[in-house]
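Asks: Dumping the structure here so I can ask a few things about it.
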Amino acid sequence: MANHTTVDYKAEKGGYYKVLFGLLALTALTFIQPSMFLTHYTFGMQMLIGTVKAWIILMYYMHLKGEVLIGWTVIFAVFLVVFFFAIVMIDVNNFQFADVSHITSPAQ
Amino acid sequence: MAHDSHDSHEYIPEIAVDRNGKEHVVQGWQGDTYGGKLGFWLFMLTEVMMFGSMFMVLSYYFTLHHQDFINASAGLDRVLGGINTVVLLISALTMGLGLLRMRSGDVKGAKLMIWATMLLALIFLGVKAVEWTNDYKEGIFLGLQALQSGNEHSLPFGEILYFGMYFTMTGLHGFHIIIGIGLMLWLLKRINSGKVTPEHNILHFNIALYWDLVHLIWVFVFPYFYMIGAGGAIHG
């Protein structure tokens, strides 16, 4: 089975440019956020903007929109990463080994 | 699997005969577009898990050395980082348009877009090289005294961890860019030899996916390293 999907270049390229402008706008937001709004939540805001950008790239540039099986595979993989992330964050918030650790300052 | 010595890319189905003598066409991997796509996604998920683990380590260190990370981030060159962000963004567009041109039958236009993507990838690497050279001149680079604890030139411990992760992750990302350029050269070779065509474009599709993944990783690498200290460092 060949990939016989025929496309009309002129009709579809507009979608690619719309995504580009959306991503450029979000990139501009990335730059102005630390000095313009919610300045005490820079890290959270930056990750939020990054997540929105990632979602747009996945859906439109990587063609995940409408892909059920591959979409769920991606969700499962991301879930695994986030799950371990959460476990590690719980652990690090109860860090008890500063005296013998190689990841904390020797002075601690 | 049957092959034609003159035109090896042309898909010629294998025929299997069952016990009743009935013939069946065997689905060959060459034409299995969905299988090719799914397989490549599985590969990309291993990449996500690799970079995901690195982000996990980064977050671990960030939690332990919050202020050191913000101070170190404030010293990075956000202009060069921002230029690279935009360069990579435009390269994702050219790659996507190249695939679109290929699928619409415009092979020459597709090749032009691949060359444009490669040029942008080289610009990205050039900007990164300038950035790393500036870091080296300032005494901040892997192996230099500032990034080794226990001497008079040592940076605060959290900053040493930050820059260790910075060079590791941006270096690994840069390595993926180099691999991407190699893949694009290979793709051009396959297009020139007629093995990737508007009808059989799964290789082009997957290399475009790879390039989007490289872009996707940068979408998180950039704010994590360059922007968390954009509000300014607090010393002392």
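Asks: Look at B:Gly194 and say whether it is farther than 30 Å from A:Ser101 by Cα and modelled with pLDDT of 95 or more.
Replies: Answer is no for this residue.
Asks: Every residue in segment B:154-171 that is surrounded by fewer than 16 Cβ atoms within 10 Å (Cβ to Cβ) and touching a residue at least 60 places away in the same chain (Cβ under 8 Å), please.
Replies: Scanning segment B:154-171 gives a single hit, B:Thr168.
Asks: Still on this structure: Before we move on, is B:Gly180 surrounded by 13 or more Cβ atoms within 10 Å (Cβ to Cβ) and more than 14 Å from chain A (Cβ to nearest Cβ)? It would help to see each step written out before you state the result.
Replies: Working: surrounded by 13 or more Cβ atoms within 10 Å (Cβ to Cβ): yes; more than 14 Å from chain A (Cβ to nearest Cβ): yes.
When the stated conditions are applied, B:Gly180 passes them.
Asks: A further question follows. Do the conditions hold for A:Leu38, that is, is it within 21 Å of the chain's Cα centre (by Cα) and modelled with pLDDT of 90 or more?
Replies: no
Asks: Quick test of your reading of the structure: B:Ala208 fulfils all but one of (1) within 27 Å of B:Thr133 (Cβ to Cβ); (2) modelled with pLDDT of 95 or more; (3) among the small types (Gly, Ala, Ser); (4) touching a helix residue (DSSP H, G or I) at 6+ places or on another chain (Cβ under 7 Å). Name the failing condition by number.
Replies: (1) is the only condition that B:Ala208 fails.
Asks: Answer yes or no as to whether B:Ala129 is more than 14 Å from chain A (Cβ to nearest Cβ), surrounded by fewer than 20 Cβ atoms within 10 Å (Cβ to Cβ), hydrophobic (A, V, I, L, M, F, W, C) and in contact with a His (Cβ under 7 Å, 6 or more places away or on another chain). Break it down stepwise before answering.
Replies: Details: more than 14 Å from chain A (Cβ to nearest Cβ): yes; surrounded by fewer than 20 Cβ atoms within 10 Å (Cβ to Cβ): yes; hydrophobic (A, V, I, L, M, F, W, C): yes; in contact with a His (Cβ under 7 Å, 6 or more places away or on another chain): no.
Spelling it out, it is not the case that B:Ala129 is more than 14 Å from chain A (Cβ to nearest Cβ), surrounded by fewer than 20 Cβ atoms within 10 Å (Cβ to Cβ), hydrophobic (A, V, I, L, M, F, W, C) and in contact with a His (Cβ under 7 Å, 6 or more places away or on another chain).
Asks: For residues that are of a type in the set (A, V, I, L, M) and outside any helix (DSSP H, G or I), scanning just segment A:67-108, find the one that is modelled with the lowest pLDDT.
Replies: In the first step, residues of segment A:67-108 are kept if they are of a type in the set (A, V, I, L, M); the result is A:68-70, A:74-75, A:77-78, A:80-82, A:86-90, A:92, A:98, A:100, A:103, A:107.
Still in the list and also outside any helix (DSSP H, G or I): A:98, A:100, A:103, A:107.
Numbers: A:Ala98: 69, A:Val100: 69, A:Ile103: 71, A:Ala107: 53.
Going through the qualifying residues, I end up with A:Ala107.
Asks: Any idea how many residues of segment A:53-66 are closer than 21 Å to B:Ile217 by Cα, more than 7 Å from every other protein chain (Cβ to nearest Cβ) and not in a helix (DSSP H, G or I)?
Replies: 3
Asks: Looking at (1) within 9 Å of chain B (Cβ to nearest Cβ); (2) over 23 Å from B:Val221 (Cβ atoms), which one does A:Phe43 not meet, given that it meets all the others?
Replies: Of everything listed in (1) within 9 Å of chain B (Cβ to nearest Cβ); (2) over 23 Å from B:Val221 (Cβ atoms), A:Phe43 misses just condition (2).
Asks: Confirm whether B:Leu147 is in contact (Cβ under 8 Å) with a residue 12 or more places away in the chain, within 10 Å of chain A (Cβ to nearest Cβ), over 26 Å from B:Ile90 (Cα atoms) and not small (Gly, Ala, Ser). Let's see the steps before the verdict.
Replies: Values: in contact (Cβ under 8 Å) with a residue 12 or more places away in the chain: yes; within 10 Å of chain A (Cβ to nearest Cβ): no; over 26 Å from B:Ile90 (Cα atoms): yes; not small (Gly, Ala, Ser): yes.
Taking the combined requirement at face value, the residue does not satisfy it.
Asks: Could you grab the pairs with beta carbons closer than 6 Å, sequence gap of 6+ or different chains, first residue in segment B:46-57 and more than 8 Å from chain A (Cβ to nearest Cβ), second one surrounded by 15 or more Cβ atoms within 10 Å (Cβ to Cβ)?
Replies: B:Phe51/B:Ile217; B:Met54/B:Met169
Asks: Just give me the residues in segment B:187-221 being acidic (Asp, Glu) and not in a helix (DSSP H, G or I), in sequence order.
Replies: From segment B:187-221, those acidic (Asp, Glu) are B:199, B:212; that's our starting set.
The one that is acidic (Asp, Glu) and not in a helix (DSSP H, G or I): B:Glu199.
Asks: If you don't mind, there's one more thing I want to ask. Restricting the search to segment B:79-135, which residues are part of a helix (DSSP H, G or I) and hydroxyl-bearing (Ser, Thr, Tyr)? Steps first, please.
Replies: Initial filter on segment B:79-135 (part of a helix (DSSP H, G or I)): B:79-103, B:107-135.
Once the filter is applied, which keeps residues that are part of a helix (DSSP H, G or I) and hydroxyl-bearing (Ser, Thr, Tyr), segment B:79-135 yields B:Thr85, B:Ser91, B:Thr94, B:Thr117, B:Thr133.
Asks: Starting from segment A:36-51, keep only residues that are on the phi < 0 side of the Ramachandran plot, then list their pairs with residues that are in a helix (DSSP H, G or I) and buried (at least 19 other Cβ atoms within 10 Å of the Cβ) whose Cβ atoms are within a distance under 6 Å, requiring at least 6 positions of separation or different chains.
Replies: A:Thr42/A:Pro34; A:Met45/A:Gln33; A:Gln46/B:Pro223; A:Gln46/B:Met227; A:Ile49/A:Thr30; A:Gly50/B:Val219; A:Gly50/B:Phe220; A:Gly50/B:Pro223
Asks: Looking only at segment B:60-70, how many residues end up being at the interface with chain A (Cβ under 7 Å from one of its Cβ atoms) and buried (at least 18 other Cβ atoms within 10 Å of the Cβ)? Give the steps one after another, and end with the answer.
Replies: Of all residues in segment B:60-70, those at the interface with chain A (Cβ under 7 Å from one of its Cβ atoms) come to B:60-61, B:63-64.
If we keep only those that are buried (at least 18 other Cβ atoms within 10 Å of the Cβ) as well, we get B:60-61, B:64.
Looking only at that region, the number is 3.
The values are calculated or read from the model by the stated rules, or taken from the named source; none is laboratory data. In this text the structure is predicted, and so the values were computed from the model without any measurement. Ideal geometry is used to build each Cβ from the backbone, glycine not excepted, and the neighbour counts take in all protein chains shown.
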